[in-house]
Amino acid sequence: MNILKSKISFIVHATENEKKIYFMLQEMFSIENIENKTKINKLNGHYQNPIKHVEIKLSDKEIKNILEKIEKKINIEDRETLESNLEEYIDKKGNLYLRLDKQAICLGKIVLCQYDAIRIYVENNIKNKKLLGDENSLFRYSRNI
């Protein structure tokens, strides 16, 4: 399977420690030279408070490593959620979308969430989710990368 593009993105609010988020991502997922892969867009929030949208481009090796680490560290409830609802995380083109709790990442844990998340996106050339086979799971997906 060829990965076309992969990235991690998240929002940093003025009250958050941006360096801690980078450090934990680097430590947890072994992302080398994270600063050189990062694009930051500075925005203003509803009350003109500063917000940063951070996007980190990843290599094929890095995204494979990240998915393997998620597989090893994710809690049993979230694993079951992923396994039983995979179609909610992979679109018709086979692109993967995961959202991990930013606060949990800062504590060294991997937890799925919907809001204020660290978003992981993997664009690849799977044209049909059925190519994942009978074991229709995120972890089979990651092994096929």
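Here, each number is a calculation from the coordinates, and none is a lab measurement. What you are looking at is a predicted structure, and each value in this text was computed from that prediction instead of being measured. Cβ placement follows ideal geometry from the backbone for every residue including glycine, while neighbour counts extend to all protein chains displayed.
Brief remarks on what is shown
- Relative packing of peptides 20-28, 115-123 - highest average C-beta neighbours within 10 Å first: 115-123, 20-28
- For K57, the aspartates and glutamates whose Cα falls under 15 Å of its own Cα, not counting residues fewer than eight places away in the same chain, are E32, E35, E123.
- Remark: the Q114-T15 segment gains 33.7 nm on full extension, using 0.36 nm per residue and subtracting the alpha carbon distance.
- Cross-link table K19/K39; K42/K93; K37/K109, entries beyond 20 Å C-alpha to C-alpha: K42/K93; K37/K109
- Cα gyration tensor shape of the stretch 1-130, rounded if a/c is under 1.5, else prolate or oblate by comparing a/b with b/c: prolate
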